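Participant: Below you'll find the structure I mean.
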Amino acid sequence: MEHSFAPMQNDLIIRAAWGEEVERPPIWVMRQAGRYLPEYHEAKGTRDFFECCRDPEVSSTITLQPIERFAGLIDAAIIFSDILVIPQAMGMVVEMVDKKGPHFPNPLKSPTDGQYAEVMARDVDVSKELDYVYKAITLTRKKLNGRVPLIGFCGAPWTLLCYMVEGGGTKVFKESKTWVYKYPEEAKALLHKIAVLCVEYLALQVKAGAQLVQVFESWAGELSPSSFKKFSQPYLAYIAKHLPIRLKELGLDPVPMIVFPKGAWYALDAACDLGYNAVSLDWLYAPADAVKTVGDRPIVLQGNADPGVLYGSRGSITETVQEMVDGFGWATRKKGWIVNLGHGITPFVNPEDLKFFFQEIHRLTKTQ
Ligand code: CP3
């Protein structure tokens, strides 16, 4: 044990993620610390987004905001950071443009572009480059003082490659598809390099105090089933296989691992065999179908309310919660489910509606 932290008062999500039967399903939501919260804007002030990530005091303050606002209703904190810190550690410049999202002034153009060779040749030391994340994690664990577990995370290789070659968000994926279909070998070399960094980065997050980890493959759904097998699946599996090995080398206990292959509905069966404890579902799945696909494998499902329901009426929120409770078979299974949205919470959601969502989960899963 690297640090000594207060004993856990609530370890529900850890027990649930290991597949144990639990008293109620644990709850958290992706992007729970973010733009829909007025206190987020207050803490951020006029600072740049990445400046907030790099300042452990600010990052830990923002991480704790939903825990404080929704005290007793949510069961995990997720460290306030971004998936794009890995490309930054690899030497790429990433800016967060207000209201537009991430922007790389110099994306990777092609394998013959000098920058690709430079990125591939660079010996990246994530222990040094991302030291501020580990510091933020340790400080957050101290401030949490055992209230709820802390989740660490990283972007998956394919999703990070997309950002690195597109230079930001995209609807067409022109550059990413060019790499997949024109430069597959060079793409795979880059994906492997990123996967190796992900393992070390996650291991160091655990060393700093992260108690679960989630790998965000946000752009899985842009790949065809065949391309998913070549460009996403092997690298997700690599991370799941090597993280426990690396933790053991560091003298650390294993932690539950969650994978979120967003949009890859065709690959749920394969995702259950990637080596993760939990698979996060977007809202395009009917929970009962997903439960059937899992079968008797010891896989926990996470999700999967449409984030858009939080713009709807209270009645719609209740209906969505009830459908999840029924679909995930909570009343009879009492395990295998971590409550979440099917993707991150979106800006302009009224925090009171999110609170109502949490309360409804508690109400409708209460043991009689
Ligand atoms: O979940 C949390 O509360 C923890 C923090 C977190 C952020 N980003 C904070 C953030 C996490 C886990 C992420 C992951 C992330 N970042 C993903 C994977 C999850 C997903 O949504 O698919 C991706 C694709 C990114 C890249 C990224 N960062 C985008 C596309 C954007 C702009 C779009 C947006 O929603 O604002 C960001 C910025 C970002 N990351 C913000 C926050 C709170 C908003 C920054 C701001 O405007 O203040």
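The values are calculated or read from the model by the stated rules, or taken from the named source; none is laboratory data. Small disclaimer: the values here were computed from a predicted structure and weren't measured. Positions of Cβ are generated from backbone atoms using ideal geometry, with glycine treated the same way; all protein chains shown enter the neighbour counts. Remember, those area values only see protein heavy atoms, side chains included, never the ligands or the DNA or RNA. Shrake-Rupley method; radii C 1.70, N 1.55, O 1.52, S 1.80 Å.
Participant: If we only count helices (runs of 4 or more DSSP H) wholly inside segment 1-72, which ones have 1 or more residues that are within 12 Å of the ligand (Cβ to nearest atom)?
Facilitator: The qualifying helices (runs of 4 or more DSSP H) are 38-44, 49-54, 56-69.
Participant: Let me ask something else. From L84, L73, grab the single residue that is farther than 21 Å from H41 by Cα and in contact (Cβ under 8 Å) with a residue 12 or more places away in the chain.
Facilitator: Unique residue meeting the criteria: L73.
Participant: Is it the case that S81 is near the ligand (Cβ under 10 Å from one of its atoms), farther than 19 Å from V199 by Cβ and either open to solvent by 10 Å² or more (accessible area, probe 1.4 Å) or not in a strand (DSSP E or B) (or both)?
Facilitator: In short, no.
Participant: Do we find that F104 is crowded, with 17+ Cβ neighbours inside 10 Å, more than 30 Å from R24 (Cβ to Cβ) and more than 10 Å from the ligand (Cβ to nearest atom) in this structure?
Facilitator: Yes, satisfied.
Participant: A follow-up question, please. Restricting attention to segment 156-169, and to residues there that are outside any helix (DSSP H, G or I) and either away from the ligand (no atom under 12 Å from the Cβ) or surrounded by fewer than 24 Cβ atoms within 10 Å (Cβ to Cβ) (or both), which single residue is modelled with the lowest pLDDT?
Facilitator: Among them, the one singled out is G169.
Participant: Find all pairs meeting these conditions: Cβ atoms under 9 angstrom apart; at least six residues apart or on different chains; first residue within segment 243-257 and free of Cβ contacts under 8 Å to residues at least 40 places away in the same chain and open to solvent by 30 Å² or more (accessible area, probe 1.4 Å); second residue part of a helix (DSSP H, G or I) and aliphatic (A, V, I, L, M).
Facilitator: Filtered contacts from segment 243-257: I245/V199; E249/A203; D253/V206; D253/L247; P254/V206; P254/L243; P254/L247.
Participant: Can you run down the residue pairs with Cβ atoms below 9 Å, 6 or more apart or on separate chains, where the first is in segment 169-180 and in contact (Cβ under 8 Å) with a residue 40 or more places away in the chain and the partner is part of a loop (DSSP other than H, G, I, E, B) and of a type in the set (F, W, Y)?
Facilitator: F173/W219; S176/W219; V180/F173
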